[in-house]
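Beneath this line is the structure, given in structure tokens, with notes to follow.
Each reported figure results from applying straightforward, stated rules to the coordinates on display, with no laboratory input. Values in this document were obtained by computation on a predicted structure and should not be read as measured data. When we count neighbours, we look across all protein chains shown, and the Cβ atoms used for this are built from the backbone with ideal geometry, even at glycine.
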Amino acid sequence: MWSNSGFSIIGNVFEQEFINTLVNVKRINMKLSKAVLLLFTGFAAGAVTGILVAPEEGYKSRRKLMKKAKKYKKNLERTATDYKDKVTDIRDNIEGVVHDVKKRFS
């Protein structure tokens, strides 16, 4: 049968694999957040350029620019909140599994 040291070794290996998984999830999240930020920056730059180049009077252009800026801000806040919630759920799930594994093998 398994000895306590055998469970301890398996538990340590399993724990290390989960730690590695957490690190990889964090790296993926960082890359994804940078991509989302770049995407929204590109949208904003395109909107600003389009409005400034458009043949309208200044106050109309500024008004359009402010409306679009508010719209993009709301979208960005909503996306950031959704993204944060998803990352928190993933982290909580992984921490729960790590805790269960530690409890089982300790």
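Of interest is the spacing of the C-alpha centroids, which for region 31-63 and region 90-106 amounts to 44 Å.
Local charge for Lys84 was computed over the other residues whose Cβ lies under 13 Å away, with Lys and Arg +1 and Asp and Glu -1, and equals -2. Run down the lysines and flag those whose C-alpha is under 29 Å from the C-alpha of Lys103, throwing out any fewer than 8 positions away in its chain. Reachable lysines: Lys26, Lys84, Lys86. For region 79-96, the Karplus equation 6.51 cos²θ - 1.76 cosθ + 1.60, evaluated at θ = phi - 60°, returns couplings of 5, 4, 5, 4, 4, 4, 4, 5, 5, 5, 4, 4, 4, 4, 4, 5, 4, x Hz by residue, with Gly and Pro reported as x. Length gained on full extension, Leu32 to Asp89: 18.9 nm, using 0.36 nm per residue less the C-alpha separation.
Label point of Val53 set 7 angstrom out along Cα-Cβ; within region 65-100, amide nitrogens under 17 Å from it belong to 65.
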